[in-house]
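The values are calculated or read from the model by the stated rules, or taken from the named source; none is laboratory data. Keep in mind that what you see is a predicted model, and the values were worked out from it rather than measured. Cβ placement follows ideal geometry from the backbone for every residue including glycine, while neighbour counts extend to all protein chains displayed.
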Amino acid sequence: MNMEVVLEAFLYLIEMKFILLLLSALGAIIFFIQAGKNKSKFGINLKRVYCPVCGTKQPVIRIPKNLDQTMFGGTTCPKCEAHLDKYGRIIS
């Protein structure tokens with residue numbers, strides 16, 4: 001009888017961990033979708049970016065030139081050397 005109680009408690013804990021994992025994953029997905037809509041540096045942009053200075057389409061595979069571009073996305077225009085964020089806005 002004690003073994004059944006222990007097994008039931010163990011299965012309950014596994015179920016609760018799974019629910020917490022699902023809720024955490026859902027919260028992360030909602031966070032990144034909202035950050036993308038607000039165009040924050042934590043968002044994800046899957047659209048092609050054009051340089052606002054010269055109108056050049058930026059490459060899909062980018063080579064970051066500095067730490068900020070490496071961590072948060074962005075690129076440097078190969079034609080006019082303008083620094084752009086991941087949404088195509090000029091970075092000062």
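Side notes on the structure shown:
- Among residues of the range 67-92, those that are surrounded by 13 or more Cβ atoms within 10 Å (Cβ to Cβ), more than 16 Å from the chain's Cα centre (by Cα) and part of a helix (DSSP H, G or I), counted: 0
- Any pair with Cβ under 6 angstrom, 6 or more apart, that starts in the range 5-33 at a residue that is on the phi < 0 side of the Ramachandran plot and ends at one that is surrounded by 10 or more Cβ atoms within 10 Å (Cβ to Cβ): Phe32/Ile44
For every residue, the table says whether it meets (1) assigned by TED's automatic domain parsing to the domain that holds Ala82; (2) under 18 Å from Ile90 (Cα atoms); (3) not in a loop (DSSP other than H, G, I, E, B).
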position: Met3; (1), (2), (3): no, no, yes
position: Ala9; (1), (2), (3): no, no, yes
position: Leu20; (1), (2), (3): no, no, yes
position: Gly36; (1), (2), (3): no, yes, yes
position: Lys39; (1), (2), (3): no, yes, no
position: Lys65; (1), (2), (3): yes, yes, no
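- Test: Gly43 is of a type in the set (Gly, Ala, Ser), within 19 Å of Met71 (Cα to Cα) and surrounded by 10 or more Cβ atoms within 10 Å (Cβ to Cβ): yes
- A single member of Val53, Val5, Val49 is among the hydrophobic types (A, V, I, L, M, F, W, C) and surrounded by fewer than 10 Cβ atoms within 10 Å (Cβ to Cβ), and it is Val5.
- Selection count where residues are of a type in the set (A, V, I, L, M, F, W, C) and either under 13 Å from the mean Cα position of the chain (by Cα) or not assigned by TED's automatic domain parsing to the domain that holds Thr76 (or both), scope the range 41-54: 3
- When Leu26 is tested against (1) touching a Ser or Thr at 6+ places or on another chain (Cβ under 9 Å); (2) outside the structural domain of Tyr87 (by TED's automatic domain parsing), exactly one condition is not met: (1).
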